[in-house]
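Peer 1: Here it is, the structure in full.
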Amino acid sequence: MKTPTGNQLLRRTILWLQADKKCHWCGRATLLCDNVAPDQATVDHSIPRGRGGPDTIENCVSACRQCNEARMATSRSGRDWDRHVAEAAITTATT
Ligand SMILES: [Zn+2]
């Protein structure tokens, strides 16, 4: 696994605090940890880099690992990301 550099860790921390320690997409509480977990806070690109999004903090949000990975999968498969968020919100509300 790639270890975050100082700048990446700083960016992750800033975004996490700005997001009130919650996932930008599904709103669940996230953890700023190095353990790979579904609720681990990650840096997610609003406009995916694969679609020309810049690697700047303005284009980044704090997202849980589950949403981050689901977004990557949906952008690859062309699935509807909004529908995934709606499903995740329902799951969060009912658990
Ligand atoms: Zn999430």
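The values are calculated or read from the model by the stated rules, or taken from the named source; none is laboratory data. Because the structure is a prediction, the values reported are computed rather than measured. Using ideal geometry, Cβ is built from the backbone for each residue, glycine included, and neighbour counts are taken over all protein chains shown.
Peer 1: Could you list, in sequence order, all residues of segment 54-95 that are within 16 Å of the ligand (Cβ to nearest atom) and at pLDDT 85 or above?
Peer 2: Within segment 54-95, 60, 61, 62, 63, 64, 65, 66, 67, 68, 69, 70, 71 meet the criteria.
Peer 1: Cβ-Cβ under 8 Å, sequence separation 6+ or interchain: first residue in segment 49-69 and on the phi < 0 side of the Ramachandran plot, partner hydroxyl-bearing (Ser, Thr, Tyr) and in a loop (DSSP other than H, G, I, E, B). Which pairs?
Peer 2: If the second residue must be hydroxyl-bearing (Ser, Thr, Tyr) and in a loop (DSSP other than H, G, I, E, B), the pairs left are 53/46; 59/46; 60/46; 61/46; 62/30; 63/30; 64/30.
Peer 1: Taking segment 38-54 only, how many residues are touching a Gly at 6+ places or on another chain (Cβ under 8 Å) and part of a loop (DSSP other than H, G, I, E, B)?
Peer 2: If we filter segment 38-54 for residues that are touching a Gly at 6+ places or on another chain (Cβ under 8 Å), which is where we start, we get 45-47.
Keeping just the survivors that are part of a loop (DSSP other than H, G, I, E, B) gives 46-47.
Residues that pass the stated criteria total 2.
Peer 1: Could you tell me which residue of segment 1-53 is surrounded by the most Cβ atoms within 10 Å (Cβ to Cβ), considering only residues that are more than 15 Å from the ligand (Cβ to nearest atom) and within 16 Å of residue 71 (Cβ to Cβ)?
Peer 2: Checking each candidate, the answer is 48.
Peer 1: Oh, and also: Could you please give the count of residues in segment 54-68 that are surrounded by fewer than 20 Cβ atoms within 10 Å (Cβ to Cβ) and either small (Gly, Ala, Ser) or more than 8 Å from the chain's Cα centre (by Cα) (or both)?
Peer 2: 6
Peer 1: Are there any pairs, at least 6 apart or on different chains, whose C-beta atoms fall under 7 Å, with the first in segment 16-37 and assigned to a helix (DSSP H, G or I) and the second more than 10 Å from the ligand (Cβ to nearest atom), and if so, which?
Peer 2: 16/32
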